[in-house]
Structure formats: C-alpha cells, structure tokens
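Input: a single structure, listed below in structure tokens.
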Amino acid sequence: KPVIRHVILTYRTEHTGANNTASIIELANFLHEEGKGVVIVLQAPILPRDVSVALRHAFDTGAVDVPGLRRSEWDGMNRDIHTAIANLDPAIQVFDPTSYFCDLEYCYAIRDNQALFFDNNHMSIYGARRIAAPLAEMLR
C-alpha cells in the first residue's frame, strides 16, 4: 500500500476570500500534524485581459516587456492568503511565484519578448520555466 509522504496544495487565491483561505490553512496544518511534508504553492499573477492583447501591443510598439496588472492590485487580491500564512505551522513551506512574474510596480504579460501566459491566467511554457527550478529546489 503506497504511503503519501508529501502534499502540495495550490488553489486560485485571487478571489477566494477569508473563509476559503482559512480552510486551506487548516488543511495544511492538519496534514502537517499527520506527519506529511506540506508545501503550499500560491497562484501566479493573473492578467486583466487575454495575453493576446499584450502580444498585439508588443508587436505594434516593439515593447519587450508588457505590463498586465499593477503589482499593488495583485497584492490586494491576495491580502487574505498573505495574512493567513501567519497561521501556518512554521515547518510548512510556501512558494509564492509572484516575484517571477512581477517587479515592484507591475506584474507582466510579456517579459524579455516572451509571453508569460497562454491566456489570462494559465502560465505559458516560458512562464512555467521561470518558476520550475526554484520550486523544484524547495521540494528537495
């Protein structure tokens, strides 16, 4: 019989509200108390519209970096989860991909002439590659 030793939790965080966030925190703490290694992977930023709009802008203007959302908006959408993380057991790891998509001012649709998304909320292969190594390192 296989034994599950590690659990990765992830969910849409930008519009879940305090009750859903509290449920994820409670679940993570419960799994940890049951002896599981737990990692919570927060959602990558989203775009306010489909990435095709940003791609058209990049094509028309030659821009290599195209912002999608103000960083302050993204942080505001995720206030509940960032507040709730304080209630996690310190042994539970949290991976926040925000810094791989955002600087202090913007979350980007396109960085270095590469689309970070396939639509407005699913990472492109390039976007996924930006977080793959750091996430894998955390899981070691």
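One table, with the values for the structure above:
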read-out: Charge dipole (debye, nearest 20) of the stretch 1-46; +1 at Cβ of Lys and Arg, -1 at Cβ of Asp and Glu; value: 220 debye
read-out: Extension gain, Gln93 back to Glu137 (0.36 nm per residue minus Cα-Cα distance, nm); value: 14.7 nm
read-out: Structure-derived semi-axes √(5λ) of the Cα gyration tensor in Å: which label, when the choices are (1) 23, 18, 15; (2) 29, 19, 13; (3) 31, 17, 11; value: (3)
read-out: Fraction of accessible area attributable to carbon and sulfur, the chain (%, probe 1.4 Å); value: 54 percent
read-out: Residues whose placed amide H lies under 5 Å from that of Arg70, excluding near-sequence neighbours; value: Cys107
read-out: For the stretch 26-77, size of Cβ-based charge dipole, Lys and Arg +1, Asp and Glu -1, in debye; value: 220 debye
read-out: Within a Gaussian network of the chain (alpha carbon springs, distance under 10 Å), most fluctuating of His122, His32, His57; value: His57
read-out: Part-to-part distance (alpha-carbon centres) for the stretch 63-89 and the stretch 111-140, which is given in Å; value: 16 Å
read-out: List Phe101, Phe59, Phe118, Phe30, ordered by accessible area with a 1.4 Å probe, largest first; value: Phe59, Phe118, Phe30, Phe101
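The values are calculated or read from the model by the stated rules, or taken from the named source; none is laboratory data. Because the structure is predicted, anything quoted here is derived from the model rather than measured. Counting neighbours? That spans all protein chains shown, and the Cβs are built from the backbone with ideal geometry, glycine included. For the accessible areas, the whole protein counts, side chains as well, though only heavy atoms, and no ligand, DNA or RNA atoms are used. Shrake-Rupley method; radii C 1.70, N 1.55, O 1.52, S 1.80 Å.
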